Structures are given as C-alpha cells and as structure tokens.
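**Student:** Dropping the structure in here first, questions after.
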Amino acid sequence: MILIDYPGHLVAFTLAAGLAVLTAAAFHAPEVRTPARAGYGRLLMLLQCTVILLLLLILWDPSALQTRPTFTTNTVATLFDTSESMSIADDGNRSRLDRALERFTTGFRPDDMAGPRYRLYGFDRHAYHCGTPDLLRRWGDETNLHAACALVADQIGPGGPDVSGDTPAGTILFTDGRAADRNIHSYPPLARKDVPLLLVGVGSAQSRPDLAIKSIAAPARAWIDTAYPVTVMLTGTHLAQDALTLELLYDQVVIDARQIKPEQWKKESSQSETIVEFKVPADRLGTHVLTARVPPHPEEINTANNLRSASVGVTQEQTLQVLLYARQASFDVGKLRQALAWDRRVRCDFRLDAIRDPALAQRVSSSLGYAGFPQTCDELYRYDVVVLGAYDVDGLTADQWEALHTFVTERGGGLLLLPGPAVASLPASRNNPVGALSPVLLDGPEPRLWPPEPNTIGRTFEAQALGLLGRTFSPKPDEKISPYYNIARVKPAATTLATVGAAPIISVHRIGRGRVGLFNASKLFKQYREDKEGGLLAACVCELAAYLGRTPSTASGIELFAERTAADPRHVLFSAYVVNEAFEPVNEANVLLRVSGQVLAMLPTGKGRYTREVNMGVSESIVATAQAEADGVFLGEMIMTASLPSLPDEMSDTDFDETFLRALAQRLGARYAHVDDLDDDDAKTFVARRQAGTIQQVRSLWPNWPLLLILCLLLSAQWFIRRSIGLV
C-alpha cells in the first residue's frame, strides 16, 4: 500500500501529535473526570484518536497496485471452396456452396456478438480474402487445396498462441474434395497442434450418373477440299444399360451423330470410356468450331461436361517452293522428280547440273535456260526446301556452301540430303561444310552398307510423337528397302524418324532456324508406283519436304510460338521473333497477332522478341497469325497451328470424395465432419474469448464498503458511550 497524498513524516507526525494532544486535553476536562465517567474516559479517548487517524489516512489517499487480465474476441479463419464443382446442386436446388453457407450461418452463428469473430476466405486456384459471403468469387476453374493449406499455415504461424493478436484461434474449411492434387502425402501436416482445424465435407454420398466429353481431338489446321479426322473420347460413371447418342456440331449445326451402345464402353477403374471417330469435310475457309455433345442423363446433375469444343482453321494449301538439284542423271533423280509432282502443294524447280565444261554450260545457260546451283543467298531464299540429289560434294564452291548454310540456319529453309552412287559422296564431306549440316556421322571404316539388307521400314516413337509418317509407313510386308550408308551414329541432337532393322533410314535435326534431313535409302526408284500416286516414295518425300520446309519464304522474317502459362494454364503466351532481310533482330517493329477473332498488338521484350498473353480457355487447338512491319517495310507473316496439352477439367468428375477428405484430415491433424452432421458441439470447439494480456493500475483503497462500515461503527460506539454517561 502507498499513500498518494502523504505529506511527509514531519508533517504527518506533527498532525498526529497535535491532534493527540488536543484530544488528551479535551478528555482531561472536569466534566469528563468525574467519578461516574472516569472509567469511560480512556475508552472514549482511544476511539476518538482512532477516528482521527482513519480520517488522516483517508485524506492521504491510501492506494495499492492492482493487476487484472484483459480479454479479446477470438478469430476463426473460415475458408470456402468456390471452384466450379461447388456449383453442383446434388441436394435439391441449392448448390454445394450455398448449402455450406447455410450450415455455417445456422450452426456457427457468425452474427452472435458473444461468439468468436469469423474471418471469411475463398479459394479456387488461389486463396483470397473476401470478408462477406457476397464477395465469394463463383466459380473458379480448379480446386487448389495447396493454396488453402498454405493460407492456413501462414495465418496460424509456427509459434505459440501469443504469436500475434490477430492470429486465428481456429480454422474451418468447407470443400467437396475435388482437388486437383489428391495425393495426401503432398500436403504437409500443420505446425500448430493447439489450433483446432475443422474440415467440413460438402456433397452427397449418393452416386449419380455422369456423362462427360473428356476430349475432342482435331487437327489445328486443315486444307480446303480435304477431309480431316475428329476423335472424341467419352467417359461415363454409374450408367444405365441404355444406348446414348453422341452428336458432332460444326459451327453450332449438327452434322453427324453416333449411337453408343452398352457393349462399346470399356471399363477403366471407376469409369467407363469409349472413343468415337468422325470424318469432317473442310469445305469452307476460315476458323470453325467443332463441338462434341451428348444429351444429359435424366438423373444427371452435372451437365457442364457434356460438351467440349475445338477449333479448326481451314486454309488454302500452302505451296512449297522446292529446288531439286542433281549433278548426275539417274533413275532415283527421275522418279524423285515425278514423286514431288504428285503433291499439288509442291512447286518443283528441277536443275540437272550434268555439264562439266564451264564454257559449254555458259552457252547452254544463255540459249536453253540451263541453270546450275544458285550462286547467292538471294537466289536460294526464293525456295523453301532444297533437295540435293546424287552429287559430288566438291562440285559446289565455298560461296555456294556458305549460301546453303545461311539458307538453313538464318533463313529457316529445309535441306534434304540423298545418298549418291559414289560411295565417297557424303562420307567425304566430313571436312566439308556439308558435314556440319548432316544429321549423322559417317566415320565408320565401311561407309557403304554392302551387301544390301532390304527390310520393311519401321516408324520410330519420335515420328509418332511428331505426328509424322503415320500413313506413309503402315505395315506393308511387300515394301522393303535397304539402307545405303552404314551409318556409325546419329548426332546427339538429331531425331531418327524411320529405321530398317537397326539402321536409321530417315534422320532429321534442326540447325539454327531451319532443318536438315537425310534419306538414307538405296534404289529409291523401286519405291515409286505410278498406279498408286507415286507410292511409298511420293508419300515419304512429300511429307519430309513439308516438315523440312515449315518456314515458308513469306514467314522467313518472323517466327511464332505458343505455350500455356504456368500461373494460369488457361492463358497462352504467344512469342514472336522478328528479323529483317539481313536476319538481324528488329526491336521496333509493329507486330499484330490475330487469334480467336481478336487482333492484338504484341509487346516488345528486347532483341527482336515480342510477346502477348491471351486467355484461350480450355481450347486445345490454336490457329494464330502474326504479321510484322517496321518503317513501312513488310517483314513477314507467320500462320501457326498448334495443339496444346489438354487441361484438367474441374467438371469432368464432380462426385463428392469423402474418402480423400477423411485421409486429408488425418494427415493435417484436423477433425472431419460432414456438412449435414454439424451441430452445436462443433461450434463450441472454437472458444469465443481468450486472455490477451494484463493491465496494472493504482487504485485507492478507502472508497470501499468495509472501511466505511468500520468508521461508522467507531463513531456509533463513541456516540452510544457518550450518551450512556450523559455527555450527549
């Protein structure tokens, strides 16, 4: 105890002594010292002194330091899954999210001021704070429980309960369990075991029929007046034994329909699936939308996955300018020329440079139009593909080799090498510039494979992945061919597309912007069939020419690429690389991107590169055109077709996954409850208030009832004694 207004020992002693003396003098008066009153005098004096001392203490304000606790309202972080699967109304007309909000409102009573304060969050691909149920974002494209768990871990922190005054004292998470990642071992346990976590499952355990178009595959680009394949994969769960109808729509018009009978379904784990193929004629130019649609089952509640679309661009056939150059007349060269003529996309310029006398060659060139190999880069740049037939590598000058190398690496042209009758033809090029262009190394002791070993051609896995030679090399035992060179090894960066036995027969690789291929086959003319539109030779050479000449002359100044972004796979990042006539990067060009009916300006990022991010949704096929110009000079146009990886669809499977949620709750150290089983005990899990700290303050002791009672008793006792002895 302390005396707030204590005047000091001297003043206090003086006051006490003076008052005591005055009291003693008062009680020594003759009226008090009579024999009848003498026995009470000392008692009255003692009572009087006690009252005076109490009054002095009150005047000096006796106080004491007191400590009392302070309390604060607890915060409970509440997370709601707002992905598209939560829009399913599997319990009447209410969606799963509305059902969760209703149970949260009635069970936890967030408006009750006596209860904890609930802080609301939503999550789909990302977690976000919303504050109120009205601000929840409906509907997201993915259930990312990792984002929700990361938010919970960041909120509660790894420390003790007093880490922060705003640290949640508990967490509630509402979800249907349709997470993109359902590997429970990828979710780390929460660091705080003292913070309760309630995992609430939302959904119906009753299995319902569900039909889904899992994918629709179509080429991104098709030539006019041709037919292209469309493959549709259909999946179903809990289906009845009834026939279904699959419809194919072309620009919102039904063009074909197939009946799916029960025996056509193939059981795959918990689902059944079937694949249906269509043939669609490309009869109109432009970009068209193909839609696969299946009518919903009468008991089906998820109809969002009953259709899926893909885009196909129908264009005029792109012509390839091909230069076929040979220095020797042979059956191979003749049949190769005929084979290229079968493809209407190929414009072949044939040059047979068989005249060895330069003077004679000059006279023939001026009189008959005889032409040798182009001398300059500008002459070569008019072509998309150069096919070098059987020749002597020493027949080209250093300038021609340099022009050919520039044509491939900078212009982006294609080069197809053919073996020659002279064994030393290509192997002798090891110290020649063509050695750097060749996709194989011919450094073995015996360059020529002898005797011939004819066998059927096999298509490699790389060719299948690239979608090449699919129809060319169908199994035909009667079509056999022998490799020409005994190839020691294929270069590390090269790709083998076809083999005969263990020997590579077609190898390609990329150098700079262009591609180079080697057709390592002996007696090519035997593969030509006039009655079969050129046969194997025409099919193979024409497809190789189309693959190697993927950079036409009009697109030599620009390249275009597309890939899904990591942050949001629905967005596609388009990247363009622009060069001028000297193939130097252009940093200040105007680049326009035309895709999905939009015309967008691409933004420069430096060194001739331009980018633009576009929301393409779940589209798997893209047709895009990029045009570039600088200072009024047209630099080029590139038409790109691409098939993007299919995205995991949130609505492809919407069944409530309670098994996963129970396992996840055990992994996280949480308690699991179904939304229909929530009761008052679940709400009591979260304490409404907690001690936030203490407050210390100095408080006066005299304004209290016991002290007043003592003072009153003393005064009353003194009065009664005085009255009894006649002093009152």
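Read-outs: derived from the displayed coordinates by stated rules, not from any lab. Since we're looking at a predicted model, the values are computed, not measured. Positions of Cβ are generated from backbone atoms using ideal geometry, with glycine treated the same way; all protein chains shown enter the neighbour counts.
**Student:** Quote the charge dipole size of the chain about the Cα centre in Debye, to the nearest 20; the model charges only the Cβ of Lys and Arg (+1) and of Asp and Glu (-1).
**Tutor:** 1900 debye
**Student:** Can you give the charge dipole size of segment 636-728 about its Cα centre, rounded to the nearest 20 debye, using +1 on the beta carbon of Lys and Arg and -1 on the beta carbon of Asp and Glu?
**Tutor:** That gives segment 636-728 a dipole magnitude of about 2080 debye.
**Student:** Report the gain in length on full extension from residue 252 to residue 605: 0.36 nm times residue separation, minus Cα-Cα distance, nm rounded to one decimal.
**Tutor:** Result: 123.1 nm gained on full extension.
**Student:** Write down, largest first, the equivalent ellipsoid semi-axes of segment 59-135 in whole Å, where each equals the square root of 5 times an eigenvalue of the alpha-carbon gyration tensor.
**Tutor:** Result for segment 59-135: semi-axes of 44, 14, 8 Å.
**Student:** About its Cα centre, how strong a charge dipole does segment 244-321 have in debye, to the nearest 20, once Lys and Arg get +1 and Asp and Glu get -1 at the Cβ?
**Tutor:** Working: 8 positive and 11 negative charges, 11 e Å.
The calculation lands at about 60 debye.
**Student:** Another question, if that's okay. At 0.36 nm per residue, minus the direct Cα-Cα distance, what do residue 89 and residue 208 gain on full extension? Give it in nm, one decimal, please.
**Tutor:** 41.7 nm
**Student:** Ok, one more. Cut-off is 10 Å between beta-carbons; in what order do 49, 712 appear when sorted fewest neighbours first?
**Tutor:** 712, 49
**Student:** Then there is this: Neighbour counts of other C-beta atoms within 10 Å: give me 523, 193 arranged from fewest to most.
**Tutor:** 193, 523
**Student:** Another question, then. Over segment 1-143, how many percent of alpha carbon pairs lie in each 5 Å bin up to the one with the longest distance?
**Tutor:** 2, 8, 11, 10, 8, 5, 4, 3, 3, 3, 3, 4, 4, 5, 6, 5, 5, 4, 3, 2, 1, 0
**Student:** Using r as the Cβ-Cβ distance of residue 719 and residue 25, and R0 as 25 Å, what FRET efficiency do you calculate, to the nearest 0.05? Could you put the intermediate results ahead of the total?
**Tutor:** Values: r = 21 Å, r/R0 = 0.84.
Given R0 = 25 Å and the Cβ-Cβ separation, E is 0.75.
**Student:** Roughly how many nanometres apart are two label points built 7 Å out from the Cα toward the Cβ at residue 266 and residue 52?
**Tutor:** Roughly 11.4 nm, to one decimal.
**Student:** Does anyone have the angle between helix 9-26 and the longest principal axis of the chain? Alpha-carbon axes, 0 to 90°, nearest 10?
**Tutor:** Once rounded, the angle reads 30 degrees.
**Student:** Once you keep just the Cα pairs under 8 angstrom separated by 6 or more residues, what percentage relative contact order results for segment 246-327?
**Tutor:** After rounding, I find 29 percent.
**Student:** In whole Å, what are the extents of the chain along the principal axes defined by its C-alpha atoms, from largest to smallest?
**Tutor:** 171, 67, 53
**Student:** In Å and from the alpha-carbon atoms only, list the Rg and Dmax of segment 210-315.
**Tutor:** Final numbers for Rg and Dmax: 14.4, 43 Å.
**Student:** With a point put 7 Å past each Cα toward its Cβ, work out how far residue 66 is from residue 34 in nm, to one decimal.
**Tutor:** With each label point 7 Å from Cα toward Cβ, the separation is 4.9 nm.
**Student:** Once fully extended, how much extra length lies between residue 709 and residue 3, figured as 0.36 nm per residue of separation less the alpha-carbon to alpha-carbon distance?
**Tutor:** That works out to 252.1 nm of additional length.
**Student:** Measure nothing fancy, just the Cα-based angle from helix 145-156's long axis to the longest principal axis of the chain, in degrees from 0 to 90, nearest 10.
**Tutor:** With both axes taken from Cα atoms, the answer is about 30 degrees.
**Student:** Moving on to the next point. Among 656, 352, 34, whose Cα lies farthest out toward the positive end of the dipole of the chain, if unit charges sit on the beta carbon of Lys, Arg (+1) and Asp, Glu (-1)?
**Tutor:** 34
**Student:** Take each of the peptides 684-691, 590-597, 15-22, 323-330, average the number of other beta-carbon atoms within 10 Å over its residues, and list them starting from the highest.
**Tutor:** Highest to lowest by the protection proxy: 323-330, 590-597, 684-691, 15-22.
**Student:** Could you calculate the FRET efficiency of residue 285 with residue 137 from 1/(1 + (r/R0)^6), where r is the beta carbon distance between them and R0 is 60 Å, rounded to 0.05? Don't skip to the answer; put the middle values down first.
**Tutor:** Values: r = 40 Å, r/R0 = 0.67.
For residue 285 and residue 137, the calculated efficiency is 0.90.
**Student:** Can you list the residues of segment 284-321 with backbone N under 15 Å from a point 7 Å past the Cα of residue 224, pointing along Cα to Cβ?
**Tutor:** 284-288, 313-319
**Student:** Suppose R0 equals 30 Å. What FRET efficiency, 1/(1 + (r/R0)^6) with r the Cβ-Cβ distance, do residue 666 and residue 237 give to the nearest 0.05?
**Tutor:** For residue 666 and residue 237, the calculated efficiency is 0.70.
**Student:** Charges on Cβ only, +1 for Lys and Arg, -1 for Asp and Glu, centred on the Cα centroid of the chain; of 57, 201, 155, which one is farthest towards the dipole's positive end?
**Tutor:** Result: 57, furthest along the dipole toward the positive end.
**Student:** Rg (Å, one decimal) plus Dmax (Å, integer) for the alpha carbons of segment 555-643?
**Tutor:** 12.7, 39
**Student:** Let me ask another. Within 9 Å, Cβ to Cβ, of residue 414, how many net charges do the neighbouring residues add up to if Lys/Arg are +1 and Asp/Glu are -1?
**Tutor:** Working: positive: 515, 550; negative: 384.
That sum, taken over residues with Cβ under 9 Å, equals +1.
**Student:** Further, regarding this structure: With n ≥ 4 as the cut-off for DSSP H runs, can you work out [θ] at 222 nm for the chain, using -39500 (n - 2.57) per run divided by the number of residues, rounded to the nearest 500?
**Tutor:** After summing the helix terms and dividing by residue count, I get -7000 deg cm²/dmol.
**Student:** Can you give the relative contact order of the chain as a percent, counting alpha carbon pairs under 8 Å and 6+ residues apart?
**Tutor:** Details: 1471 pairs, mean separation 115.7, N = 728.
The value is 16 percent.
**Student:** How big is Rg to Rh over segment 199-270, alpha-carbon atoms, Rh as the Kirkwood inverse-mean-distance radius?
**Tutor:** Rg/Rh: 1.09.
**Student:** Between 227, 509, 43, whose Cα lies farthest towards the positive end of the dipole of the chain when Lys and Arg beta carbons carry +1 and Asp and Glu beta carbons carry -1, centred on the Cα centre?
**Tutor:** 43
**Student:** I've got another one for you. Sorting check: for 649-658, 59-68, 200-209, which peptide has the highest mean count of neighbouring beta carbons within 10 Å, and how do the rest follow? Don't skip to the answer; put the middle values down first.
**Tutor:** On the way: 649-658: 20.8, 59-68: 13.0, 200-209: 19.1.
Top of the packing list down: 649-658, 200-209, 59-68.
**Student:** Among the lysines, select those whose C-alpha is under 26 Å from the C-alpha of residue 491, and discard any that sit fewer than 8 residues away in the same chain.
**Tutor:** Leaving aside lysines fewer than 8 places away in the same chain, those within reach of residue 491 are 480, 523.
**Student:** So what is the relative contact order of segment 89-210, in percent, for Cα pairs below 8 Å that sit 6 or more residues apart?
**Tutor:** Computed over segment 89-210, the figure is 24 percent.
**Student:** Here is a further query. Can you give me the distance in nm between label points at residue 382 and residue 347, each placed 7 Å from the Cα along the Cα-to-Cβ direction?
**Tutor:** 1.0 nm
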